[in-house]
Amino acid sequence: MKRYDIRKQGTPRQKSKKEKPEHIARRNYLADEIAATLGDQQSVGAFRTIAERVPEGVIRECLANIKVTWREGKIKKSRGALFINMIQSYSETHQIELGFRSEATPYDNKRIRIDRFISPRGSEGLHG
């Protein structure tokens, strides 16, 4: 029987877990956090792309605004759809290519003004 865990020279191989670079681990953590906050595990792949290309501060501000809007009962369809719409709007303004298809989300027809979700801190936030 041939052993695959021993090299030809006779030294055993080190079975090591491949460590992910810190930025990938951080991206995955943020994407999982977005999915959990929005209750949308099916969109984790899209959230990874967003976490990689959009500043974390903008993502967290959008999530905070969505939480408030959700508690007020103003979201009729999906928190995930609103989040994607807000991020796409930010990305278009700041020339960030997300690579998403330009399908209409449930919020496109309602003409939600993204600036309504911006904190009153001035130039910081979605447009800063």
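Every read-out reported here was derived from the displayed coordinates using simple, explicitly stated rules and does not represent laboratory data. For clarity, every value in this text was computed on a predicted model and none was experimentally measured. FYI the Cβ positions are ideal-geometry reconstructions off the backbone, even for glycines, and counts take in every protein chain you see.
For the range 23-69, compute Rh as the Kirkwood radius over C-alpha pairs and then the Stokes-Einstein diffusion coefficient at 25 °C and 0.890 mPa s; write the answer in µm²/s, rounded to an integer.
Numbers: Rh = 10.5 Å.
Reported coefficient: 234 µm²/s.
Taken along the Cα-to-beta-carbon direction at a fixed 7 Å, the label points for Arg53 and Thr69 span 2.0 nm. Computed from label points 7 Å out along Cα-Cβ, the spacing between Tyr29 and Arg101 is 3.4 nm.
Within the shell defined by Cβ-Cβ distances under 12 Å, the residues around Thr37 carry a net charge of 0, with Lys and Arg each +1 and Asp and Glu each -1.
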